[in-house]
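J.: I'd like to ask you about the structure that follows.
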Amino acid sequence: MFGRWLKSARELVIPDDAREIAFRVREQLPEADEETVRVAAALAGLLAAVAYADRNYSSAEEALVRSVLARVHGMTPAGVEAVCGAMRRHVVEASTVQIPHFARELRELADGELRREVLDALVDLAAADDDIATSETNLLRQIATSLGLTQSDYNDSQARHRERLSSLKG
């Protein structure tokens with residue numbers, strides 16, 4: 001019985017569709033070194049996660065995602081489109097099971113200044129639709145901790161959008 005169960009478990013292919021985000025980043029940054037590609041892919045994954053945290057990936061959020069990705073050195077408009085397409089296709093995986101992977105990549109490869117810049121971009125993204133939902137706040141706090149940032153780092157980033165916090169409205 002156990003032998004048969006183990007055999008079927010070995011044959012099971014676990015889908016990891018969110019890897020397409022990394023593939024598209026690598027494809028669009030052919031001149032970049034491996035660390036740069038991994039950082040850019042992790043950034044894209046976390047952007048997808050935060051954009052979908054409230055289960056609504058709005059056009060305002062999409063515009064901000066495009067703007068952030070366009071700041072990646074070497075990323076062309078066609079590259080932004082390709083990465084955004086992968087993010088849209090795999091937003092559920094990115095916003096659930098892949099968050100620890102993306103955060104770990106950034107924690108291992110990026111210095112504190114870059115990780116704080118990423119957090120700022122993520123908070124800006126959550127505020128893009130003029131409302132930072134509780135689900136977004138919870139996710140942002142989790143990501144900040146996973147990035148090795150402090151509560152103070154999170155508070156500084158979030159303070160720029162204090163008036164958009166759902167928990168403080170009406």
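The values are calculated or read from the model by the stated rules, or taken from the named source; none is laboratory data. Since we're looking at a predicted model, the values are computed, not measured. When we count neighbours, we look across all protein chains shown, and the Cβ atoms used for this are built from the backbone with ideal geometry, even at glycine.
J.: Which residues, counting only those in the range 87-111, are part of a helix (DSSP H, G or I), under 12 Å from the mean Cα position of the chain (by Cα) and of a type in the set (A, V, I, L, M)?
T.: MET87, VAL91, VAL92, ALA94, ILE99, ALA103, LEU106
J.: Among the residues of the range 49-61, how many are part of a loop (DSSP other than H, G, I, E, B), among the small types (Gly, Ala, Ser) and either closer than 15 Å to ASN138 by Cβ or in contact with a helix residue (DSSP H, G or I) (Cβ under 7 Å, 6 or more places away or on another chain) (or both)?
T.: Final tally of qualifying residues: 1.
J.: Out of LEU69, LEU46, LEU64, report the one residue that is closer than 18 Å to GLN142 by Cα, at pLDDT 95 or above, in a helix (DSSP H, G or I) and not basic (Lys, Arg).
T.: Unique residue meeting the criteria: LEU46.
J.: If a residue has to be out of contact with any Ser or Thr (no Cβ under 8 Å at 6 or more places or on another chain) and either at pLDDT 95 or above or not in a helix (DSSP H, G or I) (or both) to count, how many in the range 125-137 make the cut?
T.: 2
J.: Of the numbered conditions (1) small (Gly, Ala, Ser); (2) touching a helix residue (DSSP H, G or I) at 6+ places or on another chain (Cβ under 8 Å); (3) touching a residue at least 40 places away in the same chain (Cβ under 8 Å), ALA70 satisfies every one except a single condition; which is it?
T.: (3)
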